1. In a solvent-free Debye calculation with one equal scatterer on each Cα, what is log10 I(q)/I(0) for segment 119-199 at q = 0.13, 0.24, 0.25 Å⁻¹, listed in the order of the q values?
2. Once the other residues with Cβ under 10 Å from the Cβ of Ala258 are scored (Lys, Arg +1; Asp, Glu -1), what is the net sum?
3. Cα atoms only, the chain: Rg and Dmax in Å?
4. How do 2-13, 146-157 rank on mean C-beta neighbours within 10 Å, highest first?
5. Under unit Cβ charges (Lys, Arg +1; Asp, Glu -1), what dipole magnitude, rounded to 20 debye, does the chain have relative to its Cα centre?
6. Considering only protein heavy atoms, what is the solvent-accessible area of Met1 at a probe of 1.4 Å, reported in Å² to the nearest 10?
7. Hey, got the dipole for segment 165-258? About the Cα centre, +1 on K and R Cβ, -1 on D and E Cβ, debye to the nearest 20?
8. Using only alpha-carbon positions, what ratio does the radius of gyration of segment 168-272 give when scaled by 2.2 N^0.38 Å?
Amino acid sequence: MEIRHLRYFAAVARHLNFTAAADSLGVAQPPLSQQIRDLEAEIGTPLFERTTRRVALTRAGEDFLKQALAILERAETAVQRARSIGAGTAGILNVGLTGSVLTGPLGRAIQQFALNYPNVDLRIHEMSPDRQVTALKSGQTDVSFLRCPPQDAEITSELAWRESVRLVLPKGHPLSARKVTLADLRDESFVFLRLEDSQFAKYLWQCCFEAGYAPRVTHQAVESTSLTSLVAAGLGIAIIPEFVSRLAHQDLVYRPIAGSPISADVYALTTGDNNPLARQFIVLVQTLAGKEGR
């Protein structure tokens, strides 16, 4: 039994006339009659009562019509959903990220994407940078957002948005009232992102090294947002992404670093499998970031 048999049967049941049903389907009447006979033979019972004057459904035909219409409706739903998924307007999108990137355009993009694509189940997976790469390569996520993307042949990366950094100081710190360069921080104690699983932390450490010193790291955290609490507790100073600094803390001062070459740009990572949902989401993030930058 094929879907076309159900369509033929439903058409005859609707018109109760083989000639009218054939016209509505755009097929010849004799082949249509043969298809219905084949269907009845396969089922093992008549679906229509046929006389020279009328065609009527049998009791088995009436019940079969209900089931056939339900199957045809489900088949059409499946077709439409497949088309929507192929067009990037339906399906499931798994996004890997760290909490700190939500303070930038990504948070707004998630909200807007849900409005633009109500048939997409967008799932957020907050995880460390190294786990993001693993999840992406294993297919657990479809797109990830990271600073300092890995050099990996299996990963494709593109700029999502540009972001600078800010120096975080406790209120009353001697450096809080003047222009500060990276070299001025050589004698300070730092709180850092965890070096073993953050390429961004390693990048910041290298920037300090190129400024003439190895930073003295006293405490490490998993998230940039946690660094502000450590600074407020008097455990050191920190360099954090610009958007994270917008989460104001009454005991802290945020300052740009004069002449700083440091970038906190965020990149969208995929495996290059041309996932239309991931592409739609990345474009939305880039669009919102571009509007904010104007």
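1. For segment 119-199, the Cα-only Debye profile gives -0.63, -1.24, -1.31.
2. +2
3. Just the Cα atoms of the chain yield Rg and Dmax of 31.3, 104 Å.
4. Highest to lowest by the protection proxy: 2-13, 146-157.
5. I would put it at about 720 debye.
6. Here the accessible area works out near 110 Å².
7. About 280 debye.
8. The value comes to 1.05.
The values are calculated or read from the model by the stated rules, or taken from the named source; none is laboratory data. In this text the structure is predicted, and so the values were computed from the model without any measurement. Methodologically, a virtual Cβ is constructed for each residue, glycine included, from the backbone with ideal geometry; neighbour enumeration extends over all protein chains shown. For accessibility, only protein heavy atoms count, side chains too; no ligands or nucleic acids. Shrake-Rupley method; radii C 1.70, N 1.55, O 1.52, S 1.80 Å.
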